[in-house]
1. Residues being out of contact with any strand residue (DSSP E or B) (no Cβ under 8 Å at 6 or more places or on another chain), open to solvent by 40 Å² or more (accessible area, probe 1.4 Å) and under 23 Å from residue B:99 (Cβ atoms): count how many of those fall in segment B:334-352.
2. How many residues are among the aromatic types (Phe, Trp, Tyr) and either assigned to a helix (DSSP H, G or I) or loosely packed, with under 15 Cβ neighbours inside 10 Å (or both) when one looks only at segment B:119-160?
3. Quick check: anything in segment B:204-212 within 12 Å of chain A (Cβ to nearest Cβ) and either free of Cβ contacts under 8 Å to residues at least 12 places away in the same chain or outside any loop (DSSP other than H, G, I, E, B) (or both)?
4. With respect to residue B:220, is the statement that it is part of a loop (DSSP other than H, G, I, E, B) and closer than 21 Å to residue B:16 by Cβ true?
5. With the requirement that a residue be within 19 Å of residue B:36 (Cβ to Cβ) and more than 10 Å from chain A (Cβ to nearest Cβ), what does segment B:185-194 give you?
6. Check off (1) open to solvent by 10 Å² or more (accessible area, probe 1.4 Å); (2) more than 19 Å from residue B:239 (Cα to Cα) for residue B:25 and give me the number that stays unchecked.
7. Within segment B:238-260, which residues are facing another protein chain (nearest Cβ under 8 Å) and not aliphatic (A, V, I, L, M)?
8. Kindly provide the set of residues from segment B:162-178 that are outside any strand (DSSP E or B) and open to solvent by less than 10 Å² (accessible area, probe 1.4 Å), ordered by number.
Amino acid sequence: MCLAVPGRIVELTDTDPVTRTGRVSFGGIVRSVNLSCVPEAGVDDYVIVHVGFAISQLDEAEAERVFTYLEQLGELDEIRQPSPA
Amino acid sequence: MKYIDEYHDAAAVHKLVAALRATVTQPWTIMEVCGGQTHAIVKYGLDELLPPEITLVHGPGCPVCVTPVEIIDQAITLAQRPEVIFCSFGDMLRVPGSAQDLLAVKAAGGDVRMCYSPLDALTIARDHPDREVVFFAVGFETTAPANAMAVYQAARSGLTNFSILVSHVLVPPAMEAVLSAPHNRVQGFLAAGHVCTVMGIDAYHPLATRYGVPIVVTGFEPVDILDGVFCCVRQLETGRAEVENQYARAVRTEGNPRARQLIADVFEVQPRRWRGMGEIPASGLGLRPAYARFDAATRFALDALPVADSGECISGLILQGLKKPHECPAFATRCTPEHPLGATMVSSEGACAAYYRYRARHAEDASS
């Protein structure tokens with residue numbers, strides 16, 4: 001329904017406010033994306049793209065939050081320990 | 001890929017499942033609204049990891065699935081016109097209208113093209129000034145800014161051979177329809193993350209308060225979905241009914257103000273018929289009068305008489321979480337992705353398609 005994928009802006013190709021466009025890399029696949037609704041996003045920033053249109057810029061700090069509170073629960077490392085042979 | 005792979009971390013998944021087991025004390029029924037979430041749940045078998053007390057039911061969040069038959073028939077009528085180039089997202093091409101689908105029209109010579117973006121359809125219109133280019137604008141709030149931008153750019157550049165056939169629907173009214181149905185059993189929601197990326201989360205507070213249900217804005221990867229279920233269960237177990245934002249890396253409280261303004265400039269809220277659920281007031285978007293010339297339904301004077309669904313298909317019940325695909329007698333026998341009876345089997349995000357693709361063996365076990 002709303003498949004939207006995070007991608008990294010590699011180049012800005014049009015800076016007009018309405019047709020603002022950039023080349024965005026999705027794990028190596030590069031596509032042209034309309035960036036008019038993320039005016040503050042620039043090269044190397046990550047944006048969420050749906051049908052060739054950026055709907056948001058990724059919040060790096062928030063991206064870590066779920067892992068931070070999982071670590072706080074303290075058991076994440078034990079689970080990662082290789083079980084004794 | 002960054003911001004995806006980290007959320008497939010098995011240790012984090014197991015940690016969340018353990019936290020869920022330690023939290024849940026009684027049965028709970030939770031609905032994930034978005035077809036993309038349904039797809040991830042069934043694909044990764046996340047529901048099978050959950051403690052038995054938790055039941056996930058699949059919601060109406062698949063725009064392909066909820067598009068009424070008469071709009072598919074309108075699309076087919078347009079695609080058959082010699083002067084029209086009909087552009088659409090891929091998964092709309094195989095949805096059965098009352099007599100055929102768009103791929104059949106293409107096979108019979110209609111100019112039907114698959115587009116990744118409505119802005120690509122705009123380029124086609126510029127490249128073919130002698131043809132009428134129509135884009136099938138289907139989707140929830142997530143897709144609305146892109147469709148609005150296509151119309152806005154067409155108006156700004158004076159393009160006269162471009163129009164859109166609109167089938168835009170909104171999530172909050174559909175959730176309210178599910179909640180207010182007499183036989184509703186949904187006690188909490190995983191809200192559609194990317195809809196909230198655009199629209200924000202304010203529209204959900206009245207629902208949470210009025211119906212006393214927790215609503216957790218949730219992402220689409222395994223860690224996101226389990227984290228969303230965990231946040232929802234934690235609220236249910238403590239008697240809370242609040243809106244919570246699990247997907248904060250992509251969703252701000254106010255959503256994307258520019259995108260919301262763009263949508264408000266081009267579209268207005270209208271009543272919409274939902275396939276299998278009937279008409280829901282103020283549950284869709286239509287073009288504002290200022291952009292009426294870009295509305296294919298008026299430009300081509302298409303009639304909009306409601307068409308009844310095929311009797312056998314129970315997609316309406318599946319979309320409201322009242323039935324699961326296995327409970328349909330036609331599932332995986334008369335109804336398959338190659339010969340779909342209804343939209344929930346056609347769309348890759350439909351619950352029936354997801355079950356057929358990832359769960360068909362259960363159906364065989366059940367029937368053998």
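The values are calculated or read from the model by the stated rules, or taken from the named source; none is laboratory data. Since we're looking at a predicted model, the values are computed, not measured. Note that each Cβ is placed from the backbone with ideal geometry, even for glycine, and that neighbours are counted across all protein chains shown. The area values use the complete protein model at the heavy-atom level, side chains included, leaving out ligands, DNA and RNA. Shrake-Rupley method; radii C 1.70, N 1.55, O 1.52, S 1.80 Å.
1. Qualifying residue count, segment B:334-352: 3.
2. The number of residues fulfilling the criteria is 1.
3. Among the residues of segment B:204-212, not one is within 12 Å of chain A (Cβ to nearest Cβ) and either free of Cβ contacts under 8 Å to residues at least 12 places away in the same chain or outside any loop (DSSP other than H, G, I, E, B) (or both), which makes the answer no.
4. Criteria met by residue B:220.
5. B:186, B:188, B:189, B:190, B:191
6. The one condition residue B:25 does not meet is (2).
7. B:246, B:249, B:252, B:256, B:258
8. Answer for segment B:162-178, where residues must be outside any strand (DSSP E or B) and open to solvent by less than 10 Å² (accessible area, probe 1.4 Å): B:171, B:174, B:175, B:178.
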